[in-house]
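Peer 1: Questions regarding the structure given below will be posed in turn.
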Amino acid sequence: MRKIELDDKIWGELGTQNLPELINEFTKNPEVDSEIFYELVDCIWDAGTCEPAFFVAIPHLIDIASNLEFCRAKDLWSYLGSWVSTHKKYCEEVSEEILDLFYSSLRYAEKVCAESIFKAGKLSGIDAVYLYAGLFTFSKHDLGYMTMSGYKDDLEGTSVAKCENGHLNDVTVYNSGIAAYEEKEFPSSITVPDLTSINYHFEKIDDNPWLLFEEGIQKLIKNNNISKEIKAHLRLSELIVKHGVKPDLPVKYAFSLYGSLLLCNGSIDESNRLFHGWDKIICQECGQEFIFADGWCESCL
Ligand SMILES: [Zn+2]
């Protein structure tokens, strides 16, 4: 994988002379709960802010994760997914050459991380939530912001969605459905995506790593214990993985796929929460009804 060498003068120009040494140390001892790791993170990312060196360092960290056994790499992949999900606001200042290497490293991460998840078999619920969302990040899809999002939080999450008139609506997210902010849980049924009215042009991506998940999804489609509502999400997901995830994939379709992957992993509660991304909510200000996922805008706040 191409990346800027550790002895390049760019590190000094970015004011991060010690970063190559930290990356070197971390390569030798890639523990994410070490002082070296914390120091390294301080140089590149802070609570959603990507420092200039971020774009140069990420390809190195992706390279390190790619060369580790999955049990050691998974937490690093989860961190990478979270950080990269916040990068868009900061890439304007970055040179074309650096950005080019950064994006080709994401493409590589998407492939290697998908293969590792696939080979790993069953993941813990929490790992699945982070790692699958991370895959969307590496595909440059906004849903990757789920690694940071309150939507994914256990038991009660929070999130925000915009109606067509631009009003922001805060909501509370339960596994059983989405309610207005701090309103009590009232279980809603799962909305069935209408596959006959898809107005998105699917185009196959080259060397599509998402295809690995096709068989697992097809198995669940054949499973008699799965409801017809959820099967509709699975069928939509089957269509998506056949083509791959592109950045312009409508967010609600990405919700369906994320839910389906979690269900394939046996993470039933987590998957229900994502299928409820299709819930209709009513704008608190103008009364307009809209599909939550269509207005989901946590990532752009
Ligand atoms: Zn409104």
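Peer 1: What order, most packed first, do the peptides 184-193, 15-24, 36-45 have when packing is the mean number of other Cβ atoms within 10 Å of each residue?
Peer 2: Sorting 184-193, 15-24, 36-45 by mean packing, highest first, produces 36-45, 15-24, 184-193.
Peer 1: Tell me the relative contact order for the chain as a rounded percent, counting alpha carbon contacts under 8 Å between residues six or more apart.
Peer 2: With pairs under 8 Å counted, the relative contact order is 16 percent.
Peer 1: A follow-up question, please. Along the stretch 2-19, what does the Karplus equation 6.51 cos²θ - 1.76 cosθ + 1.60 (θ = phi - 60°) give for ³J(HN,Hα), rounded to whole Hz, x for Gly and Pro?
Peer 2: 3J(HN,Hα) across the stretch 2-19, in whole Hz: 6, 7, 6, 4, 6, 9, 5, 6, 4, 4, x, 4, 7, x, 10, 4, 8, 5.
Peer 1: So, one more: Please state the relative contact order of the stretch 151-300 as a whole percent: Cα pairs under 8 Å, 6+ residues apart?
Peer 2: So the answer I get is 28 percent.
Peer 1: In this model, which of Lys9/Lys88; Lys111/Lys231; Lys3/Lys140 are farther than 22 Å apart at the alpha-carbon?
Peer 2: As for pairs spanning more than 22 Å Cα to Cα, those are Lys9/Lys88; Lys111/Lys231.
Peer 1: To test your reading of the geometry: what angle, between 0 and 90 degrees and rounded to tens, separates the Cα axis of helix 54-66 from the longest principal axis of the chain?
Peer 2: 80 degrees
Peer 1: Same structure again: At a 10 angstrom cut-off on C-beta neighbours, averaged per residue, how do the peptides 256-267, 56-67, 215-226, 145-156 rank from highest to lowest?
Peer 2: Taking the mean over residues of other Cβ atoms within 10 Å, the ranking is 256-267, 56-67, 145-156, 215-226.
Peer 1: For the stretch 36-44, just list the computed ³J(HN,Hα) in residue order, Karplus coefficients 6.51, -1.76 and 1.60, θ = phi - 60°, integers in Hz, with x standing in for Gly and Pro.
Peer 2: Here the 3J(HN,Hα) series is 4, 5, 4, 5, 4, 4, 4, 7, 10 Hz.
Peer 1: In 5 Å bins starting at zero, report the fraction of Cα pairs in the stretch 10-120 per bin as a rounded %.
Peer 2: 2, 11, 24, 25, 22, 11, 4, 1, 0
Peer 1: Relative contact order for the stretch 56-203: what is it in percent, counting Cα pairs under 8 Å that are at least 6 residues apart?
Peer 2: 18 percent
Peer 1: Can you pull the one-decimal nm distance between simple spin-label points at Phe186 and Tyr200, each 7 Å off the Cα toward Cβ?
Peer 2: 3.0 nm
Peer 1: Hey, what do the phi angles of the stretch 211-225 turn into as Karplus ³J(HN,Hα) couplings, whole Hz, using 6.51/-1.76/1.60 and θ = phi - 60°, x for Gly and Pro?
Peer 2: Calculated HN-Hα couplings, in order: 4, 4, 8, 4, 4, x, 5, 4, 4, 5, 4, 7, 7, 5, 7 Hz.
Peer 1: Compute the long axis of helix 96-120 from its Cα atoms, compare it with the longest principal axis of the Cα atoms of the chain, and write down the angle in degrees, 0 to 90, nearest 10.
Peer 2: 60 degrees
Peer 1: While we're looking at this one, here's another question. So what's the net charge close to Gly166: Lys and Arg +1, Asp and Glu -1, counting the other residues with Cβ under 14 Å from its Cβ?
Peer 2: Within the 14 Å Cβ shell, the charges total -2.
Peer 1: Sticking with this structure for a sec: Note the angle between two axes, namely the Cα long axis of helix 228-243 and the longest principal axis of the Cα atoms of the chain, as a number of degrees from 0 to 90, rounded to the nearest 10.
Peer 2: 40 degrees
Peer 1: Considering only the other residues whose Cβ falls under 11 Å of the Cβ of Tyr181, what net charge follows from Lys and Arg at +1 and Asp and Glu at -1?
Peer 2: For residues surrounding Tyr181, the net value is -4.
Peer 1: Sort 126-136, 107-117, 288-298, 4-14 by packing, meaning the average of other beta carbons within 10 Å per residue, with the highest value first.
Peer 2: 126-136, 107-117, 288-298, 4-14
Peer 1: 7 Å from Cα along Cα→Cβ at both Lys219 and Glu39: what's the point-to-point distance in nm?
Peer 2: Each label point is offset 7 Å from its Cα along the Cβ direction, giving 4.5 nm.
Here, each number is a calculation from the coordinates, and none is a lab measurement. If you're wondering where the values come from, they're calculated on a predicted model, not measured in any experiment. In this analysis, Cβ positions are derived from the backbone assuming ideal geometry, glycine residues included, and neighbour counts consider all displayed protein chains.
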